[in-house]
Amino acid sequence: MIELQDVHKSFGDFHVLRGVNLRLEKGETLVVLGRSGTGKSVTLKHIVGLLRPDSGKILVDGIDVPAADAEQLRVVRRQVAYLFQTGALVNWLSVRDNVALPLVEKRTLPPGEIRERVDESLASLGMLEAAERMPAEISGGMKKRAALARVLVAQPRAILYDEPTAGLDPIMARTVGRLIRDVQSSGERTALVVTHDLELAFAVATRIGLHYEGELIELADPEDFKQSRHPIIRAFLDGEDDTAVEGNPR
Amino acid sequence: MATLKDTLEARGRAIRLTVLEAGFACQILSQSVRRLGPDLRQRWRFVLDQFVVCGISPLPVVCVVGLFTGMLLALQVGMELAKLGQSEAIANMIGVILFREMGPFMTSMILTASVGSAMAAEIGTMRVSEEIDALECMSVDPVSFLVMPRIVAMAIMTPMLTFIGCVLGCLGGGIVAKTQLAVSGSVYFRNLLTSLEAEPDSLGPFPEEIYTGLIKAFVFGILVATVSCAAGLKASGGAIGVGRAVRTAVVRCFLMLIIIGYYISWMFFK
Ligand SMILES: Nc1ncnc2c1ncn2[C@@H]1O[C@H](COP(=O)(O)OP(=O)(O)OP(=O)(O)O)[C@@H](O)[C@H]1O
Ligand SMILES: [Mg+2]
């Protein structure tokens, strides 16, 4: 349902994406690993149309995202939700109002049902006690969880998670991992998870890829990925400095 | 030679950018007007919040500035009039100057500095912290969500504050007239009311002096909100970008207020 073909993107002289290719079928959970600053968030922003590629194709359910008009973009964004790395909660709305926002703005559900679904979503992430607080009054990890609740409450068909467990304690990280697996268990939802958290990656993935030097290298099953002989992947999995890897162009 | 070319290029770029941003401001204004019908009921809570921000918070400053502007005017103009033996005409001048020109201009300046700058900073911060991107991802229109309530609130509150400021200014003028110019209170207020009286060809019960000032304030309110929100939405590059957006907003508002203010007066009084 999501397809990227040879996507390039530069910011000024800085060539961030150098030909990203990926294909994501319905029901899949693709995990993308990669060092900080390699362009993972930039890739996700292209899928929801927040950034335009310099060249290449991005298709979501057959809609050409960079060329989409406002109505098509709305269709894409209704289906594909994006969990921002920073959470990006609206700072002058309480946690509850933030989570309710996507439902309220849709204007199709009665207030009672919105409240029910918001409470359920908050409760699944242990955020019910903090529901009335403002984003400035909660911790970084709590913001992340509130943002995740806001993404899940709209029940989108595909979710792009940008580092869902960054800033969470190990117990909470495992809860989030379980939650992602629950969401995926129906087989109806598609997920793209960007993370540095190897435990999460192997817990949820149906396929794993590594973002390196502006490209996605080696998209494989988790087991194959673990056994990969690719020097860059070995370095990443074993936590070595990849500048020492032979054949590294840097 | 290269330096001349560079300078010209830089100027050209700056002009192009300014034109583009003016276009953007017009675009969000027309978009806000179009969203008024379908969205206002749902955004009523935000509009009420903005009423407090735009109307209640700046009220003390507007009162103090209004009062002292009236006193200052009465003092300066009164001394000149006294030389001509026309002290009693002070009331006519104060009313007309305040309601026609000074009131709307002064109030909008205060609102630019206190409310417009805050709008640019708030929206700019939301822009650089990806909150506006997040809104777009949820198919929430940032213009309807953020800009429209602010424009509505400013369009309503600016004329009200202007009126209050002008009334206080007239009061301040009266105090100075009585204490410094030996014009009695009853004469001052009788003259004031005559000078502001509705003429037969005026719109409804409002004297022309007052309604032109209030129309001006209405336009200024929309202007300040639109320019400030536009600057905020265009912010980029972290805290520095937010600072730049605030400065841009304030400078542009000041310039536009004085220029547009002149043309509105020209339309009504030429
Ligand atoms: N709007 C932008 N303007 C200029 N450069 C940008 C912009 N967005 C991202 N970049 C650059 O693109 C590169 C990739 O950024 P990105 O946020 O995608 O990294 P990332 O892989 O998500 O890293 P992390 O794991 O730390 O989140 C960075 O070096 C960043 O400096
Ligand atoms: Mg990132």
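The values are calculated or read from the model by the stated rules, or taken from the named source; none is laboratory data. Treat the numbers as computed from the prediction; the structure is a model and nothing was measured. Please note: Cβ atoms are built from the backbone with ideal geometry, for glycine as well, and neighbour counts cover all protein chains shown.
Consider only pairs whose beta carbons are under 6 Å apart and that are at least six residues apart or on different chains; among these, list those whose first residue lies in the range A:106-132 and is away from every other protein chain (no Cβ under 14 Å) and whose second residue is surrounded by fewer than 18 Cβ atoms within 10 Å (Cβ to Cβ).
Listed pairs, sorted by first residue: A:LEU122/A:LEU128.
Going by the structure shown, is B:ILE210 modelled with pLDDT of 90 or more and not charged (D, E, K, R)? Steps first, please.
On the way: modelled with pLDDT of 90 or more: no; not charged (D, E, K, R): yes.
Against the criterion (modelled with pLDDT of 90 or more and not charged (D, E, K, R)), B:ILE210 does not qualify.
Go through (1) more than 21 Å from A:PRO102 (Cα to Cα); (2) outside any helix (DSSP H, G or I) one by one and return the number of the condition B:ALA121 breaks.
(2)
Among the candidates A:VAL176, A:VAL193, which residue alone is in contact with a strand residue (DSSP E or B) (Cβ under 8 Å, 6 or more places away or on another chain) and away from chain B (no Cβ under 14 Å)? Full working, then the answer.
On the way: A:VAL176 fails: in contact with a strand residue (DSSP E or B) (Cβ under 8 Å, 6 or more places away or on another chain).
One residue alone meets the criteria, A:VAL193.
So that you can scan it fast, the table gives a plain yes or no per residue for (1) more than 21 Å from A:LEU89 (Cα to Cα); (2) in contact (Cβ under 8 Å) with a residue 40 or more places away in the chain; (3) within 16 Å of ligand 1 (Cβ to nearest atom):
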site	(1), (2), (3)
A:GLN155	no, no, no
A:ALA166	no, yes, yes
A:ARG174	yes, no, no
A:ASP182	yes, no, no
A:ILE208	yes, yes, yes
A:TYR212	yes, yes, yes
A:ALA220	yes, no, no
A:ALA235	yes, no, no
A:GLY239	yes, no, yes
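Confirm whether A:LYS45 is outside any helix (DSSP H, G or I) and not aromatic (Phe, Trp, Tyr). Break it down into steps so the answer makes sense when it comes.
Numbers: outside any helix (DSSP H, G or I): no; not aromatic (Phe, Trp, Tyr): yes.
Against the criterion (outside any helix (DSSP H, G or I) and not aromatic (Phe, Trp, Tyr)), A:LYS45 does not qualify.
Report, by residue number, each residue of the range B:130-145 that is buried (at least 19 other Cβ atoms within 10 Å of the Cβ), in contact with a Lys or Arg (Cβ under 6 Å, 6 or more places away or on another chain) and facing another protein chain (nearest Cβ under 7 Å).
Within the range B:130-145, just B:CYS137 meets the criteria.
Which of the residues that make up the range A:198-219 are at positive phi and either within 14 Å of chain B (Cβ to nearest Cβ) or away from ligand 2 (no atom under 16 Å from the Cβ) (or both)?
If we filter the range A:198-219 for residues that are at positive phi, which is where we start, we get A:213-214, A:218.
Within the range A:198-219, just A:GLU218 meets the criteria.
With the condition kept exactly as written, say whether any residue in the range A:28-51 is farther than 21 Å from A:LEU210 by Cα, away from ligand 1 (no atom under 14 Å from the Cβ) and without any contact (Cβ under 8 Å) to a residue 60 or more places away in the chain.
Among the residues of the range A:28-51, at least one is farther than 21 Å from A:LEU210 by Cα, away from ligand 1 (no atom under 14 Å from the Cβ) and without any contact (Cβ under 8 Å) to a residue 60 or more places away in the chain, which makes the answer yes.
Just to check your reading of the model, which residue among B:VAL61, B:VAL52 is free of Cβ contacts under 8 Å to residues at least 12 places away in the same chain, surrounded by fewer than 18 Cβ atoms within 10 Å (Cβ to Cβ) and of a type in the set (A, V, I, L, M, F, W, C)? Break it down into steps so the answer makes sense when it comes.
Details: B:VAL61 fails: free of Cβ contacts under 8 Å to residues at least 12 places away in the same chain.
Result: B:VAL52 is the single residue among B:VAL61, B:VAL52 that is free of Cβ contacts under 8 Å to residues at least 12 places away in the same chain, surrounded by fewer than 18 Cβ atoms within 10 Å (Cβ to Cβ) and of a type in the set (A, V, I, L, M, F, W, C).
Can you find a residue in the range A:95-104 that is out of contact with any Phe, Trp or Tyr (no Cβ under 6 Å at 6 or more places or on another chain) and within 16 Å of ligand 1 (Cβ to nearest atom)?
Going residue by residue through the range A:95-104, those that are out of contact with any Phe, Trp or Tyr (no Cβ under 6 Å at 6 or more places or on another chain) are A:95-104.
With the extra rule that they be within 16 Å of ligand 1 (Cβ to nearest atom), the set shrinks to none.
Checked against the condition, which is being out of contact with any Phe, Trp or Tyr (no Cβ under 6 Å at 6 or more places or on another chain) and within 16 Å of ligand 1 (Cβ to nearest atom), the range A:95-104 yields no hits at all.
Looking at A:THR190, A:THR195 in this structure, which one is within 16 Å of ligand 2 (Cβ to nearest atom), within 24 Å of A:MET1 (Cβ to Cβ) and of a type in the set (S, T, N, Q)? Don't jump to the end; show me each part of the working.
Working: A:THR190 fails: within 16 Å of ligand 2 (Cβ to nearest atom).
Checking each option against the conditions leaves just A:THR195.
From the list B:LEU111, B:LEU98, B:LEU72, which one is among the aliphatic types (A, V, I, L, M) and surrounded by fewer than 19 Cβ atoms within 10 Å (Cβ to Cβ)?
Details: B:LEU111 fails: surrounded by fewer than 19 Cβ atoms within 10 Å (Cβ to Cβ); B:LEU98 fails: surrounded by fewer than 19 Cβ atoms within 10 Å (Cβ to Cβ).
It is B:LEU72.
Considering only residues that are within 12 Å of ligand 2 (Cβ to nearest atom), surrounded by 22 or more Cβ atoms within 10 Å (Cβ to Cβ) and within 13 Å of chain B (Cβ to nearest Cβ), which ones fall in the range A:42-81? Lay out the reasoning, then the answer.
First, pick out the residues of the range A:42-81 that are within 12 Å of ligand 2 (Cβ to nearest atom): A:42-45.
With the extra rule that they be surrounded by 22 or more Cβ atoms within 10 Å (Cβ to Cβ), the set shrinks to A:43-44.
The one that is within 12 Å of ligand 2 (Cβ to nearest atom), surrounded by 22 or more Cβ atoms within 10 Å (Cβ to Cβ) and within 13 Å of chain B (Cβ to nearest Cβ): A:LEU44.
Limited to the range A:9-29, what total is found for residues that are closer than 29 Å to A:GLY187 by Cβ and within 16 Å of ligand 2 (Cβ to nearest atom)?
Counting residues in the range A:9-29 that are closer than 29 Å to A:GLY187 by Cβ and within 16 Å of ligand 2 (Cβ to nearest atom) gives 1.
When the range A:87-96 is examined, which residues are found to be within 10 Å of chain B (Cβ to nearest Cβ) and either assigned to a helix (DSSP H, G or I) or in contact (Cβ under 8 Å) with a residue 60 or more places away in the chain (or both)?
Scanning the range A:87-96 gives A:GLY87, A:LEU89.
For the range A:141-167, name all the residues that are within 16 Å of ligand 2 (Cβ to nearest atom) and out of contact with any strand residue (DSSP E or B) (no Cβ under 7 Å at 6 or more places or on another chain).
The answer is A:LYS143, A:LYS144, A:THR165, A:ALA166, A:GLY167.
Go through the range A:143-173 and report how many residues are more than 18 Å from A:ALA100 (Cα to Cα), part of a loop (DSSP other than H, G, I, E, B) and within 13 Å of chain B (Cβ to nearest Cβ).
0
Taking B:THR162 and the conditions (1) touching a Pro at 6+ places or on another chain (Cβ under 6 Å); (2) surrounded by fewer than 18 Cβ atoms within 10 Å (Cβ to Cβ); (3) among the polar types (S, T, N, Q), which numbered condition does it fall short on, given that it satisfies the others?
It fails just one condition, (2).
Of everything in the range A:133-142 that's within 14 Å of another protein chain (Cβ to nearest Cβ) and in a helix (DSSP H, G or I), which residue is surrounded by the most Cβ atoms within 10 Å (Cβ to Cβ)? Outline the logic, then answer.
Start the filter on the range A:133-142 by keeping residues that are within 14 Å of another protein chain (Cβ to nearest Cβ), which leaves A:134-136, A:140.
From what is left, the residues that are in a helix (DSSP H, G or I) are A:135-136, A:140.
On the way: A:PRO135: 20, A:ALA136: 9, A:GLY140: 12.
It comes out as A:PRO135.
In the range A:11-27, how many residues are within 15 Å of A:GLU213 (Cα to Cα) and either within 8 Å of ligand 1 (Cβ to nearest atom) or modelled with pLDDT of 95 or more (or both)?
Total meeting the criteria: 3.
A:PRO231: modelled with pLDDT under 80, farther than 19 Å from A:SER41 by Cα and more than 16 Å from ligand 1 (Cβ to nearest atom), yes or no?
Numbers: modelled with pLDDT under 80: no; farther than 19 Å from A:SER41 by Cα: yes; more than 16 Å from ligand 1 (Cβ to nearest atom): yes.
No.
Which residues, counting only those in the range A:176-210, are more than 14 Å from the chain's Cα centre (by Cα) and not in a helix (DSSP H, G or I)?
Matches in the range A:176-210: A:SER186, A:GLY187, A:GLU188, A:THR206, A:ARG207, A:LEU210.
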